[in-house]
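A.B. asks: Structure in structure tokens, see below.
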Amino acid sequence: MPDRKPIYVLNGPNLNLLGTREPHIYGHATLADIEQACVARAGQLGFAVEFRQSNIEGELVNWLQEARDKAGAVVLNAGAYTHTSVALHDAIKAISIPVIETHLSNPATREDFRHVSLVGKAAKGVIAGFGATSYLLAIEAAALLANESKGA
């Protein structure tokens, strides 16, 4: 459907280092590899992807606000901001489109400080612990929710 709004895939701090950063936790896929897989899967589902990464919290907030009008849904891996950012929590609450929190690792099995997700408290749902496949599962969920909200 050409009138479908894209799925925004937003990535937070240090995700630009995927493939080399702690591969025993995050795997060997680079962010470019993940982007390519997301674009392919979303395309199969009839959606385009707007894929972005920033180490700056405010930029992620700006992109969430932009997505309010320009996206059908958001997949958000906020990285460490997941556990600390009231600003991201509030930005998610301020937009009406579904936001899917995603993570490569499973934060619940990691350090105690990673067990609380401020992002997850505002997101529609959370997909975590499946490595790069987490993103593909999140794309599928985002597409389903975007279709539901359009009445498709």
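A.B. asks: Using only the Cα atoms of the range 54-152, build the gyration tensor, take square roots of its eigenvalues as a ≥ b ≥ c, and label the shape rounded, prolate or oblate: rounded if a/c is under 1.5, else prolate if a/b is larger than b/c, else oblate.
C.D. replies: Oblate is the answer for the range 54-152, as a/c is 1.5 or above yet b/c matches or exceeds a/b.
A.B. asks: For every other residue with a beta carbon closer than 13 angstrom to the beta carbon of ARG52, add +1 if it is Lys or Arg and -1 if Asp or Glu, then tell me the sum.
C.D. replies: Neighbour charge sum, excluding ARG52 itself: -3.
A.B. asks: Determine ³J(HN,Hα), in whole Hz, for all residues of the range 50-62 in sequence, where each value follows from phi through the Karplus function 6.51 cos²θ - 1.76 cosθ + 1.60 and θ = phi - 60°; x replaces Gly and Pro.
C.D. replies: Computed from phi, the couplings for the range 50-62 are 10, 10, 9, 9, 8, 8, 10, 4, x, 5, 4, 4, 4 Hz.
A.B. asks: Using the Cβ atoms and a cut-off under 11 Å, what net charge is assigned to the surroundings of THR133, where Lys and Arg are +1 and Asp and Glu are -1?
C.D. replies: 0
A.B. asks: Points 7 angstrom from Cα along the Cβ direction at ASP112 and GLN65: gap in nanometres?
C.D. replies: With each label point 7 Å from Cα toward Cβ, the separation is 3.6 nm.
A.B. asks: Got a sec to turn the phi values of the range 70-81 into Karplus ³J(HN,Hα) couplings, 6.51 cos²θ - 1.76 cosθ + 1.60 with θ = phi - 60°, whole Hz, x for Gly and Pro?
C.D. replies: Running phi through 6.51 cos²θ - 1.76 cosθ + 1.60 with θ = phi - 60° gives 10, 10, x, 6, 10, 9, 10, 10, 7, x, 4, 5 Hz.
A.B. asks: With a cut-off of 8 Å between alpha carbons and a minimum separation of six or more residues, what is the relative contact order of the range 23-152 in percent?
C.D. replies: 28
A.B. asks: Among all lysine pairs in the chain that are eight or more places apart or on different chains, how many have alpha carbons less than 14 angstrom apart?
C.D. replies: Step by step, the pairs that qualify in the chain add up to 5.
A.B. asks: What residues qualify as long-range amide H neighbours of ALA48, i.e. H under 5 Å apart, gap of 5 or more or another chain, H built at 1.01 Å from N?
C.D. replies: Distant-sequence amide H within range of ALA48: ILE7.
A.B. asks: Continuing with this model, one more query. To one decimal place, what Kirkwood hydrodynamic radius in Å is obtained for the range 1-112 from all pairs of distinct Cα atoms?
C.D. replies: Answer for the range 1-112: a Kirkwood hydrodynamic radius of 14.6 Å.
Any read-out appearing in this document is the output of simple, stated calculations on the displayed coordinates, not a laboratory observation. This one's a predicted model, so the numbers in the text were calculated from it and none came from an experiment. All Cβ positions, glycine included, derive from the backbone under ideal geometry; neighbour counts span all protein chains shown.
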